[in-house]
Amino acid sequence: MGKEFTEGIWRAKALLRANASGCVWKTALAHAVLLSLLEIGLFYYWFGVANRHVIFLYEHYGAGPFDGPTLSRYRMAGLVASGAVLVFYGIANWFVARLAGVFYRRYTVPEWWRVWLLCLPPLAIALPWLMTTLNWPPMPLSIALTTTAIALGSLPLALAPGRLAAEDLGELMWQTLAGLGLAPSLLLLRAVELTERMPPGRAISIAIGSTLAGAGWSLAVAWLYSWRKGRRWRVGDLLISTLCLAYLLGPLAHYLFFTPPGYRYITVAANFFARNLVIQITCFLILTALGWLVVQIQKLRIKGGSQ
């Protein structure tokens, strides 16, 4: 009798876990459908409806549809789309969580990887199809696949802050403030390769000065956070925050706010990424080192406060 009772308990627990997992996947599917429609809608507009001479600046400085600068604009479209997902998903999750609280219900955001996996099939099919069949000239399959890969590869970054936006908006704001200080290590440190536009001394001063000033800001934010909250971040939290700001929100903000009204275009990659691969990798390594340093400062603050 006792054995049967115990087996019944285990079966009931397994059934509850299976049902819970099924509900999580259903929620993730609903999120994936909405976000996939958003991305597909953006790509349909950019590649099928809008004037490509405006969106991708055909003939700008003589660049044709398949010249280097224009190709980089196609690739940047994937980051702009992910930036739109980042903003929409964060706001939507925050709003739904607040609305659920009004009715004394709990709203749980599914893990980002579940939503991402469910987004992959429709986007992997729809985006290349849109780019290779709509408007003129149609994109070669290689360009369409590259742009799709960038859109899908940057989507996890856009999804990652969604749960935090719903559960702890204040924490998300703290991490965003810290990320703002680390962003110059990605966006301005690469000024060292712009010596053809300015004197080498000025380029180096901008690169080093902006990176150090930003790092000082992030260290101050981190120290204040640990002093108020008594806890620290993980290096990964800071990296995600900085990458979202620099490579998702940055291109989106350029598209929406830093182009002429009625003439919005997608920027070239050179405005956000180094042209030299070694310099770009160096930027990532310095960002990681600064993130590690910020966390060490937090550890020291917490250790000092506990003594």
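No lab work stands behind these numbers, since they all come straight from the coordinates. No experiment lies behind these values; they were computed from the predicted model shown. Positions of Cβ are generated from backbone atoms using ideal geometry, with glycine treated the same way; all protein chains shown enter the neighbour counts.
Structure values in brief
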{"item": "Length released on extending from W129 to K229, taking residue separation times 0.36 nm less the Cα-Cα span", "result": "31.1 nm"}
{"item": "Whether the range 147-199 is rounded, prolate or oblate, judged on the alpha carbon gyration tensor where a/c under 1.5 counts as rounded", "result": "oblate"}
{"item": "Exposed-site-free run, longest, the chain (rule: GluC sites (Glu not before Pro); DSSP loop; at most 12 other C-beta within 10 Å)", "result": "60-195"}
{"item": "Sum of -39500 (n - 2.57) over DSSP H runs of 4+, divided by residues of the chain (222 nm, nearest 500)", "result": "-25000 deg cm²/dmol"}
{"item": "Label-point separation, I281 to L117 (7 Å along Cα→Cβ), nm", "result": "3.2 nm"}
{"item": "Dimensionless Rg ratio for the chain, taking C-alpha atoms and the 2.2 N^0.38 Å reference", "result": "1.17"}
{"item": "Cα centroid separation - the range 206-238 against the range 149-175, whole Å", "result": "19 Å"}
{"item": "Additional length obtainable on full extension of the chain from Y61 to E167, 0.36 nm per residue less Cα span", "result": "33.4 nm"}
{"item": "Span-like helix ranges in the chain, DSSP H, alpha carbon extent 18 angstrom or more, Kyte mean at least -1.0", "result": "2-44, 68-102, 112-133, 141-159, 169-182, 200-229, 277-306"}
